[in-house]
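A short write-up of the structure that comes next.
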């Protein structure tokens, strides 16, 4: 048995900057692509970090679940959908894949992973030097299938020392406008330190994957980061797949957005595996190798 990606959905329109709306749209698109009903989703995991108006409660996963129209009926015998936030920055989607594997093994039919971030002011979608993250939503529907296809073990690591990057609401200085602002600080060697942990977990994930033609999908703390990681791992640059970075780093949504783009472009043809690497503040990273279903790789 393996855990496979049934479908992916995305949302990047500029008519809204709400990550709840983008997450809901991406989730609905994902289910439409899969031909799966909302009541067939047993669990929704939201991995986004930067949210509308710096919302703390309720869990944004519950708001996205409502926006997606999942589990809105409350009759006694209606199916239930559990939703929760799993917040670990750029690493969150890979963490969610690991959690989803355990949930699916316990008998849940489908798990929906939703990712995405926005500026808390809800007034812009593009990144800048002070807030380097683009507004975008993505959703990835997972299911358990027979056969060898699917995700391999998830490898995780962190590095000692300072976190390399931090984001926080400075309550001492923001006064009454704190819900619209976020301070992001990156140390000068941020990318190099993140590359170090990304390389470590990627090599662990690749151990034993012999004779495979591997595509790489990695976090995008900078546009060149996936290519730098590929060089370090000895993966051909032609195998690197990235999301649309025209608005900046989509952060938690980078991995599913890149996969969705590759599927849409049919650019995974001829590859047998995809190496997913999430890496960011901590510095921390997680990686897993995804064996493509025959119909995707053929």
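Read-outs: derived from the displayed coordinates by stated rules, not from any lab. The model shown is predicted, which means the values in this text are computed figures rather than measured ones. Neighbour counts run over all protein chains shown; Cβ positions are idealised from the backbone, glycine included.
Within segment 201-229, work out how many residues are closer than 19 Å to residue 152 by Cβ, surrounded by fewer than 23 Cβ atoms within 10 Å (Cβ to Cβ) and free of Cβ contacts under 8 Å to residues at least 60 places away in the same chain. Of the residues in segment 201-229, 5 are closer than 19 Å to residue 152 by Cβ, surrounded by fewer than 23 Cβ atoms within 10 Å (Cβ to Cβ) and free of Cβ contacts under 8 Å to residues at least 60 places away in the same chain. Take residues that are under 17 Å from the mean Cα position of the chain (by Cα) and over 25 Å from residue 23 (Cα atoms) and tell me which of the helices (runs of 4 or more DSSP H) falling wholly in segment 184-298 contain 2 or more. Counting at least 2 such residues, we get 190-206. For residue 40, state whether it is over 24 Å from residue 216 (Cβ atoms), surrounded by 15 or more Cβ atoms within 10 Å (Cβ to Cβ) and within 19 Å of the chain's Cα centre (by Cα). The answer is no for residue 40. Counting the residues of segment 12-30 that are crowded, with 24+ Cβ neighbours inside 10 Å and either on the phi > 0 side of the Ramachandran plot or in contact with a strand residue (DSSP E or B) (Cβ under 7 Å, 6 or more places away or on another chain) (or both) gives 6.
Being in contact (Cβ under 8 Å) with a residue 60 or more places away in the chain, touching a helix residue (DSSP H, G or I) at 6+ places or on another chain (Cβ under 6 Å), in a loop (DSSP other than H, G, I, E, B) and over 22 Å from residue 242 (Cβ atoms) is the requirement here; does residue 153 meet it? Give the derivation first.
On the way: in contact (Cβ under 8 Å) with a residue 60 or more places away in the chain: yes; touching a helix residue (DSSP H, G or I) at 6+ places or on another chain (Cβ under 6 Å): no; in a loop (DSSP other than H, G, I, E, B): yes; over 22 Å from residue 242 (Cβ atoms): yes.
When the stated conditions are applied, residue 153 does not pass them.
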